[in-house]
Every structure is written in structure tokens, then in C-alpha cells.
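Shown next, in C-alpha cells, is the structure this report addresses.
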Amino acid sequence: MARSNAGRGAGQLRIIGGEWRGRRLRFTPAEGLRPTADRTRETLFNWLAPKIANSRCLDLFAGSGALGLEALSRGAAHCDFVESDQRTLATIATHLTTLQAADRARCHNTVAETFLANMTTPYDVVFIDPPFASNLAGSICRQLAVTHALAEGALVYVETSASEPAPTVPDAWQLQREKKSREAAYRLFEQTPR
């Protein structure tokens, strides 16, 4: 999701690849809410290309839904969207209906910590993109690891503000890729066998 001040393109996201490539979707601008940048998403989904088709995805801190919607566009079998703001989540649900993908997703109006505490289904790809400067990434990564909700070889994407220190992640997660832009630092980890 990424959080920063509203800027150019505020209130709109563009699907950049897959079935819905080029589709523009509107969302209600809110303080600090913006989709993960197009260039960052392009890089991320190039990294995920071998794994995304038919995967089960989890979009924590979904915000605009950009990451989960992009995953579905590129062939993910299912995505769970977790967002604490009811109005923001309702917009994601509307987009899923518009894209005729409601049967491939579920929307959960709760905080990430509560969702993780109650989840039972393993995921192949997890997106962790908490509000910038929230210092939530590390604790969410640790909580995700102890839930045993990662499938074997699962990939976990973690995005933080470029000014934040790298989050501490579980020992079983191996860093696969890492990149930094002016605003964000983003990393892709793989769950190694226990």
C-alpha cells in the first residue's frame, strides 16, 4: 500500500500487467494513502513472475489494493485483502466486482495482527506494506513466521520507507532481492525449509 503525502495521480491506481493491464481504478484519497509506485510494482512482479501464477496471496495493509489486484491480474488463484479502514476495503471489494474477480478474493476488515492470529490457510506469496514510519514491518514478519501460514518456499515482500532501518525478519527467511527508491526500500524474502 505505502503511505506518504498525496501527490500526482492521487486517488487513482493503474494495473500494470496481466489480464487487466492498463486498467485505471479510482479510490478515495485519504491522508497518507497511496498505491505502491508503478515502477516498484513492475520490479516486484518481475521478481515474482515464476511464482505468481495459481498462487495463494495475502495482501496485508491492503490500502488501495494495488499489490493484490496486480497479483490477481497476473494469474494468482486467490488473494485475501486485509485492511482496517472499512471505507477503503469497500473500494477494493467494488474493484473486485468490476473486474469480475470477486470469486477469487476475500476482503477482511480487521488489523493485520488480528488476521494473522486467526489464519489457518498457507500462502505462497505475502505482501507486507504497512504505513510508512509505523515500525510494524518487523513485528508483522515475526508474527507471520510463527503462524505457520507460509507454504513451503513462500515468498514474502516487505516494503518500508527508505528512511527506516531494514526490518528484522525470521532466520528461516532468505533475502532474494532488494532495491531502494527515493521513497521506499523493498525486499523479497523466501521461506526456507524448517
Next item on the list: Among the candidates 92, 140, single out the residue that is closer than 22 Å to residue 168 by Cα, surrounded by 15 or more Cβ atoms within 10 Å (Cβ to Cβ) and in contact (Cβ under 8 Å) with a residue 24 or more places away in the chain.
Entry: 140
Next item on the list: With the condition kept exactly as written, say whether any residue in region 174-189 is assigned to a strand (DSSP E or B), at pLDDT 95 or above, basic (Lys, Arg) and more than 22 Å from residue 40 (Cα to Cα).
Entry: no
Note to self: Against the condition modelled with pLDDT of 90 or more, among the small types (Gly, Ala, Ser) and touching a helix residue (DSSP H, G or I) at 6+ places or on another chain (Cβ under 7 Å), how does residue 53 come out, does it pass?
What the structure shows: no
Note to self: Six or more apart or on different chains, Cβ atoms under 8 Å: show the pairs whose first residue is in region 63-76 and over 13 Å from residue 18 (Cα atoms) and whose second is small (Gly, Ala, Ser).
What the structure shows: 63/2
Checklist line | Matching residues, region 95-118, being within 22 Å of residue 143 (Cα to Cα) and either in contact (Cβ under 8 Å) with a residue 60 or more places away in the chain or basic (Lys, Arg) (or both) | finding: 106
Next item on the list: State all residues of region 145-194 that are of a type in the set (Val, Ile, Thr) and either more than 22 Å from residue 68 (Cβ to Cβ) or surrounded by fewer than 12 Cβ atoms within 10 Å (Cβ to Cβ) (or both); if no residue qualifies, say none.
Entry: 146, 168, 192
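The values are calculated or read from the model by the stated rules, or taken from the named source; none is laboratory data. These numbers come from a predicted model, not from an experiment. Cβ: placed from backbone, ideal geometry, glycine included. Neighbour counts: every protein chain shown.
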